[in-house]
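I have placed the structure first, in the form of structure tokens, so that the comments after it can refer back to it.
The values are calculated or read from the model by the stated rules, or taken from the named source; none is laboratory data. Because the structure is a prediction, the values reported are computed rather than measured. Because the Cβ atoms are built from the backbone with ideal geometry, glycine has one as well, and the counts that use them run over all protein chains shown. Accessible surface areas use protein heavy atoms only, side chains included; no ligands, DNA or RNA. Shrake-Rupley method; radii C 1.70, N 1.55, O 1.52, S 1.80 Å.
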Amino acid sequence: MLTFSAQTRTANLTRMAQDPFDVLVIGGGITGAGIALDAAARGLSVALAEKDDFAAGTSGRSSRLVHGGLRYLEHGEFGLVRESLRERGILYRLAPHLVRPVPMYMLAGDLRRRATYRAGLTGYELLAAGRNIGYHKAVRAGQVAAAIPGFGGRSRGFRYFECQVDDARLTIEVARTAQAAGAVLANHARVTGLLGQGRVTGAAVTDEMTGQAFEVRARAVVNATGIWAERVAGLAGGSAGMQLRPSKGVHLVFAPGAVRTTAAVVAPSAARDGRYIFIVPWEDRVYAGTTDTPYRGDLDDPGVEEADRDYILAAVAGLFPGVTGNDVVASWAGLRPLLGQDDAGDAKSSDLSRKHAVFSGPFGLYTITGGKLTTYRAMAEELVDRVAADLGGAGPCRTREIPLGLHGPAAAAVRLARDEVTRLGLPPRTAVRLVRRYGDDWRQATQLIGEDRPLGEPVADGLPVLRVEVALARSREMALTDEDVYVRRTRLTTLGLTPSAGSRRE
């Protein structure tokens, strides 16, 4: 098992202060981690500094779906949909334990709506060009009722497939893979300034855990900070012409049994604004979202407002009668780094493109922002292509073939893990959970349980999270604070468990 702990971080910070690098990446979200992996795999020396924690921002607050963006077809963004579907297929192959198919149901009681949905799904699958997770199928009312027993009506519809992922865990796995490829990464390491006169030659960094300040020297600096991209670019004297228009996305988590469904549901907004809400099973709960509203508040701590809750609740209650705000046990809010356009005017944030963009300048600084979770690998490839061309001496992109934590089929790993957990006297479902969370490292998880049997028990009655997961968060995943553990590594906050005093809830 790759050690990726507080001790790893300390050693990495020492190296950052002492060694020059080819590339310094600022930002430890999915894009920054992907860039670190891509660059390191090409033979470049890479450092990464993240001011908070890996996936603490947008990358840990998404809808937890790896998808092509069916609704983007309405805006004619066929290229983005095609790219997203291609990347969905690549991620499913590279991380089958983390990126898993989930059936999605779209209800359509009238003939006109069924014709519209059928045409959209057919075009969607054609754009996938053979990389489909599964093909859409018309479903009868009885099949809908079986899959969605809590549905308060009777309707026909369609079933199609996307992929589900714990976005924060995917980010951690990419970061760990980058470390294994030779990159040095540190969370809770804030960039406070950029170095150089006329060209950017590195950054001033402060260790947020100790207050110690130091400098990192690099031939190229990459600003992969998402919604903070303008601020970081401003440290070099400008924002490189970007126009970020943050959009807030809120999700609600419902108590076990409150929303009875075995499949994800695409529900039309009750506001009749043309938007849809995803209602998705997660562990033994269901979450629903998302909103898409312009945001001008604190970038570090977007809140869930009453209007956000009402918007989502109305859509859920429209399909699942009796669901109320009393059934909500947790929530989270994230910000999308959407790129504005000169001619966008007062366009709704939901109408802004999810495409990404790369900005250069001043010399030595590269900024990438926009985009979406699903396309992070392609975004990283484009950015590193540009940096490598300027630096010279780097090989081609290799990230299409680098596994993200699991070598071989997930089913084979589960079979092996099941034998081991049975020997330990644990229920068979433990094998599935350990493989889905740790890939090849399920062996280390079971070894720890064998050495300390209480680690195989839940952290709290009625919750699926095991004590071994808390231990691995610190030894395997560079979790330093209670919030790192509760919010991102184990997702205990989205299961309704509040972390200890002083930690911020999602």
* Would you mind working out the magnitude of the charge dipole of the stretch 349-506 relative to its Cα centre, with +1 at each Lys and Arg C-beta and -1 at each Asp and Glu C-beta, to the nearest 20 Debye? => 360
* To do: Eight or more residues apart or on different chains, and alpha-carbon atoms under 23 Å: count the Lys pairs in the chain matching that.
  => 7
* Structure fact -> Taking Cα pairs closer than 8 Å and at least 6 residues apart, the relative contact order of the chain in percent is 20
* Kirkwood hydrodynamic radius of the chain, Cα pairs, Å -> 23.4
* Structure fact -> In debye to the nearest 20, the charge dipole size for the stretch 88-226, taken about the Cα centre with +1 at each Lys and Arg Cβ and -1 at each Asp and Glu Cβ, equals 880
* Asked: Residues with beta-carbon under 9 Å from that of residue 254, excluding residue 254: net charge, scoring Lys, Arg +1 and Asp, Glu -1?
  -> 0
* **Summed residue charge, Cβ within 13 Å of residue 201's Cβ, Lys/Arg positive, Asp/Glu negative** => +1
* Asked: Using only helices, what value at 222 nm comes out for the chain when you add -39,500 (n - 2.57) per DSSP H run of length 4 or more and divide by the total residues, to the nearest 500 deg cm²/dmol?
  -> -10000 deg cm²/dmol
* Cα-based convex hull volume of the stretch 262-391 per residue, rounded to whole Å³ -> 159
* **For the stretch 80-157: relative contact order, % (alpha-carbon pairs under 8 angstrom, 6 or more apart)** => 37
* Take the solvent-accessible surface of the protein heavy atoms, probe 1.4 Å, and return the percent of it on the chain that carbon and sulfur atoms account for. => 50
* To do: Please say if the stretch 364-506 is rounded, prolate or oblate, where rounded means a/c under 1.5 for a ≥ b ≥ c the square roots of the C-alpha gyration tensor eigenvalues, and otherwise the choice is prolate for a/b larger than b/c and oblate otherwise?
  => oblate
* Structure fact -> Net charge (Lys, Arg +1; Asp, Glu -1) of residues whose beta-carbon lies under 15 Å from that of residue 68, residue 68 excluded, is +3
* Averaged over every viewing direction, what's the projected area of the C-alpha convex hull for the stretch 46-122? Give it in nm², one decimal, please. => 7.7
* Can you put 448, 195 in order of accessible area, largest first, using a 1.4 Å probe? -> 448, 195
* To do: Provide 230, 305 ordered by accessible surface of protein heavy atoms (probe 1.4 Å), highest first.
  => 305, 230
